[in-house]
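What follows is a short report on a single structure.
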Amino acid sequence: MKVLVPIKRVIDYNVKVRVKPDNSNVDLANVKMAINPFCEIAVEEAVRLKEAGTATEIIAVSIGDKSCQEQLRTALALGADKAIQIDTDQNLDSLNVAKLLQKVVEAEQPQLVILGKQSIDSDNNQTGQMLAALTGLPQGTFASEVKVDGDKVNVTREIDGGLQTVALSLPAIVTTDLRLNEPRYASLPNIMKAKRKPLEVQPAADFGIDLAPRSTLVKVSPPSERQAGIVVESVDELVEKLKNEAKVIS
């Protein structure tokens, strides 16, 4: 079984995000970048399927300029067999990303596509669902458990009311949630081996897709700073402030 894992290059989740002085975007200068955490979970799940003998090949794919090869090499070090970089310096919205991935799915014919439910930069939670619609494949989103059973994959989803398990006919699209697994660290020998694994670069222009943006980034603002709290002397004073100042009780 071939597994395709799309990954995205984002600011490392441990880094404090800075906004440019003109509020035009997030400042990426001299910032540590990493695989999107949900994408990392997707890579780990694919590797576990291969270790269990279910998957035979893992292909990692990322869309961006040459810098995203760093994250693709990390995916190779974690256990992917092959990587594809769709080369573009455009900042693509979710629909264009899904259209490019659709072309990759058509070319590679994977039995399972596993991707993060959302990226921690744009936070859209759209690409997996759009990819499923474009390819006509069944989808299981927000997966906390994935079990392949013959020609089906059982996906346990996290929903508002608890858990829901859906059985999808392969090929299928699965998006990962936080509780699916805990990603491993790449070992030094595997990092060295990853340098010799194939990484194919395909220009985005070759896919014949109109990549014109359908949304415009107007402004990026940092969250307002939290005000310092106050100390009250009694419960009565607390109630009075909650009632008359905060106006959260009546």
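Rule-based calculations on the coordinates, nothing more; no lab input. Since we're looking at a predicted model, the values are computed, not measured. Positions of Cβ are backbone-derived with ideal geometry, glycine not excepted, and every protein chain shown enters the neighbour counts.
Under the 0.36 nm per residue contour assumption, what length would be gained going from the current alpha-carbon distance of ARG184 and ASP210 to full extension?
5.6 nm
In vacuum, with every alpha carbon of segment 143-250 counted as one equal point scatterer, what does the Debye formula give for log10 I(q)/I(0) at q = 0.11, 0.19 Å⁻¹? Two decimals, please.
Values returned for q = 0.11, 0.19 Å⁻¹ are -0.91, -1.07.
Using a 10 angstrom Cβ neighbour count of at most 16 plus a DSSP loop assignment to flag exposed chymotrypsin sites (Phe, Trp or Tyr not before Pro), which longest range of the chain is free of such sites?
Counting at most 16 other Cβ atoms within 10 Å as exposed, the longest clean stretch of the chain is 14-184.
Cross-link partners among lysines for LYS20, C-alpha distance below 19 Å, same-chain residues fewer than 8 apart left out?
LYS32, LYS219
In segment 133-233, which trypsin sites (Lys or Arg not before Pro) are in a loop and have at most 16 other Cβ atoms within 10 Å, using DSSP for the loop call?
When the trypsin sites (Lys or Arg not before Pro) of segment 133-233 are filtered for loop state and at most 16 Cβ neighbours within 10 Å, ARG184, LYS195, ARG196, ARG214, LYS219, ARG226 remain.
What does the convex hull of the Cα atoms of the chain come to per residue, in Å³, rounded to a whole number?
Per-residue hull volume (Cα only) is 193 Å³.
What number comes out for the charge environment of THR165, summing +1 per Lys or Arg and -1 per Asp or Glu over other residues with Cβ under 12 Å away?
Here the count lands on 0.
Give, to the nearest whole percent, the P(r) tail of segment 173-233 beyond 16 angstrom, counting all Cα pairs.
80
So what J values fall out for segment 68-74 if you push phi through Karplus, 6.51 cos²θ - 1.76 cosθ + 1.60 with θ = phi - 60°, rounded to Hz, Gly and Pro as x?
For segment 68-74, the Karplus-derived couplings read 6, 4, 4, 6, 5, 5, 5 Hz, x marking Gly and Pro.
Most fluctuating residue of GLU40, GLU225, GLU240 in a GNM of the chain with Cα springs under 10 Å: which is it?
Top of the fluctuation ranking is GLU240.
Please list 3J(HN,Hα) in residue order for segment 101-117, calculated via the Karplus relation 6.51 cos²θ - 1.76 cosθ + 1.60 where θ = phi - 60°; whole Hz, with x for glycine and proline.
Each residue of segment 101-117 in turn: 5, 4, 5, 5, 4, 5, 6, 8, 6, x, 7, 8, 10, 10, 9, x, 5 Hz.
Label segment 3-57 by shape, choosing from rounded, prolate and oblate, from the square roots a ≥ b ≥ c of the eigenvalues of the Cα gyration tensor; if a/c is under 1.5 it is rounded, and otherwise prolate applies when a/b is larger than b/c, oblate when it is not.
It comes out prolate by the Cα gyration axes.
Let me have the 222 nm mean residue ellipticity of the chain computed from DSSP H runs of 4+ only, each contributing -39500 (n - 2.57), with the sum over all residues rounded to the nearest 500.
-8000 deg cm²/dmol
Decide, for segment 24-173, between rounded, prolate and oblate: order the square roots of the alpha carbon gyration tensor eigenvalues as a ≥ b ≥ c, take rounded if a/c falls under 1.5, and otherwise choose prolate if a/b is larger than b/c, else oblate.
The shape class here is prolate.
Would you please classify the overall shape of segment 53-107 from the alpha carbon gyration tensor, given that a ≥ b ≥ c denote the square roots of the eigenvalues, rounded means a/c under 1.5, and beyond that prolate means a/b larger than b/c while oblate covers the rest?
oblate
Taking the Cα centre of segment 1-100 as origin and charging only Cβ (+1 Lys, Arg; -1 Asp, Glu), how large is the dipole, in debye to the nearest 20?
60
Given a 10 angstrom Cα cut-off, can you work out which residue in LEU163, LEU101, LEU199 is the most mobile in a GNM of the chain?
Answer for the Gaussian network model of the chain: LEU163.
Have a look at the DSSP beta bridges in segment 1-141 and tell me what percent are antiparallel, nearest 5.
Roughly 20 percent of the beta bridges in segment 1-141 run antiparallel, per DSSP.
Where is the GNM fluctuation largest for the chain (alpha-carbon springs, 10 angstrom cutoff): LEU72, LEU238, LEU180?
Maximum fluctuation in the GNM of the chain, among the listed residues, is at LEU238.
Below 10 angstrom from the Cβ of ILE41, what's the summed charge of the other residues (Lys, Arg +1; Asp, Glu -1)?
Spelling it out: positives minus negatives among the neighbours equals -3.
Hey, can you grab everything whose amide H is under 5 Å from the amide H of MET33? Only 5+ residues off in sequence or another chain; H modelled, so Pro and N-termini drop out.
Here the answer is ASP12, since their amide H atoms fall under 5 Å of that of MET33.
Per residue of segment 79-93, in order, report the coupling 6.51 cos²θ - 1.76 cosθ + 1.60 (Karplus, θ = phi - 60°) as ³J(HN,Hα) in whole Hz, putting x for Gly and Pro.
Listing the rounded values in order: x, 5, 8, 8, 10, 10, 9, 8, 7, 7, 9, 7, 8, 8, 7 Hz.
Using only the Cα atoms, work out Rg/Rh for segment 133-195, with Rh taken as the Kirkwood radius, to two decimals.
1.12
Two decimals is fine: what's Rg over Rh for segment 22-88, C-alpha atoms, Kirkwood radius as Rh?
Computed over Cα atoms, the ratio is 1.08.
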